[in-house]
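Written out below as structure tokens is the structure these notes cover.
None of the figures in this text is laboratory data; all of them are computed from the coordinates on show. Remember, predicted model here, so these are calculated numbers, not experimental data. For neighbour counting, all protein chains shown are included, and Cβ atoms are generated from backbone atoms with ideal geometry for every residue, glycine included.
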Amino acid sequence: MTNSRNDHTRQALRWIGQVSANYVTGDWDPATIADELGAAIHDSLSDDFGPVVRQLDTLRTLRALTTALEREVAAQARHAHTRGASWTQVGDALGVSKQAAHERYGS
């Protein structure tokens, strides 16, 4: 990974932190955060549509980010349920049925 790519990755991670802080303080709703995060990732990772090798690097980075986000969703779903949220509530938050939430994140 080049220094430029590392800089873009660090920039994207800083932005994710800023977006998260805005959400925690109630400044933005989840849909706005998702839109802004998607735009930031696009700007940070694909600002130089160079050779195919760069595009493949971008795909690898996005896949790694997706995997990390999926792990965090699983951890948060389990944590919410452990703290008293029903599987119906967890499912609603994730846009799936209670059965799907339980099957995917239940013990």
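Miscellaneous remarks
- Rounded to the nearest 0.05, the FRET efficiency derived from the C-beta distance between His42 and Ala75 at R0 = 25 Å is 0.45.
- Shown for Thr61, Thr82: other C-beta atoms within 10 Å of each C-beta, ranked fewest to most, produce the order Thr82, Thr61.
- Surrounding net charge for Arg104, when Lys and Arg each add one and Asp and Glu each subtract one, Cβ distance under 12 Å: 0
- Computed from the C-beta positions of Ala85 and Arg63 and an R0 of 30 Å, the FRET efficiency is 0.55 to the nearest 0.05.
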